[in-house]
Structure formats: C-alpha cells, structure tokens
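Colleague: Quick one: the structure is below, questions incoming.
Computed from the coordinates by the stated procedures, all read-outs in this text should not be read as laboratory data. Everything numeric in this text was worked out from a predicted model, so none of it was measured. Virtual Cβ from ideal backbone geometry, glycine too; neighbours counted across all protein chains shown.
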Amino acid sequence: MSRYLLGVVTQSLRGGSTAQRPIFNGAIECTRPLLEFNIYAQYKSHDDATLSYLEDALHRFHTFKDVFLLGRASKKAKIKANPLRTELVKR
C-alpha cells in the first residue's frame, strides 16, 4: 500500500492556486522520506549504509513536517464549517 501512497498524494495535490502550491509541494516532499523510511525499516537486516538511509529519511521528514501545520484550519474556519458538516452528516 505504501508504494502507491506517494502517487495518490501527488495526484491529490495537483493543481490548486499559486498560494497553495508551496504547501502542496512541501506535503509531497514530506511524504516521500516518510515512505522511504517505512521501506528501509522493513529490511530484515541492516548495515551501516541502510542505517544511514534510515537516518537521512527521518531527518528529511522532520525538515518538512511543519508544512502540515500550514494547511490546518483556523478556529474561525472550524466554527464556520461545523454547521455545514452537521448538515452534510444529516443528509
């Protein structure tokens, strides 16, 4: 499943406005090392090289992870969205 996640994220974040583009690109750049880490962690044994790949992937993930905070909705937006969400759930 993780093999397809980067493709799904990339397709999902295609387009958007010019203001959204840096956030979308950052989300893709954050997802890639997370998936690399997952793949390397599944190896049955590790040597210095694979441990170095794991550390590098983890470092790159932590470098870009703050991009997800930029896409969070503000309190005002959440308050405005709650009635709409409730209406959609009732339908």
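Colleague: Provide the gained length on full extension for the span residue 87 to residue 66, in nm with one decimal, where the gain is 0.36 nm per separating residue minus the Cα-Cα distance. Mind showing how you got there, number by number?
Modeller: Details: separation 21, 0.36 × 21 = 7.56 nm, distance 3.19 nm.
That works out to 4.4 nm of additional length.
Colleague: Right, next: Please work out how much length the chain gains when fully extended from residue 75 to residue 55, using 0.36 nm per residue of separation minus the C-alpha to C-alpha distance, in nm with one decimal. Can you show the working numbers first?
Modeller: On the way: separation 20, 0.36 × 20 = 7.20 nm, distance 3.57 nm.
That works out to 3.6 nm of additional length.
Colleague: Would you mind getting me the FRET efficiency between residue 18 and residue 43? Use the beta-carbon distance for r and R0 = 41 Å, nearest 0.05. Intermediate values should be presented prior to the final figure.
Modeller: Working: r = 40 Å, r/R0 = 0.99.
It comes out at approximately 0.50.
Colleague: Still on this model: ³J(HN,Hα) across segment 7-19 via Karplus (A = 6.51, B = -1.76, C = 1.60, θ = phi - 60°), whole Hz, x for Gly/Pro?
Modeller: Running phi through 6.51 cos²θ - 1.76 cosθ + 1.60 with θ = phi - 60° gives x, 5, 4, 4, 5, 5, 9, 6, x, x, 6, 5, 6 Hz.
Colleague: I would also like to ask the following. Going from the alpha-carbon gyration tensor of segment 37-81, what semi-axes, largest first and in whole Å, does one get by taking the root of 5 times each eigenvalue?
Modeller: Over the Cα atoms of segment 37-81, the semi-axes work out to 37, 11, 4 Å.
Colleague: Please list, in chain and number order, the residues 5+ apart from residue 20 or on another chain whose amide H is under 5 Å from its amide H, with Hs placed from the backbone.
Modeller: none
Colleague: Report, largest value first, the span of the C-alpha coordinates of the chain along each principal axis, in whole Å.
Modeller: Extents along the principal axes: 54, 29, 24 Å.
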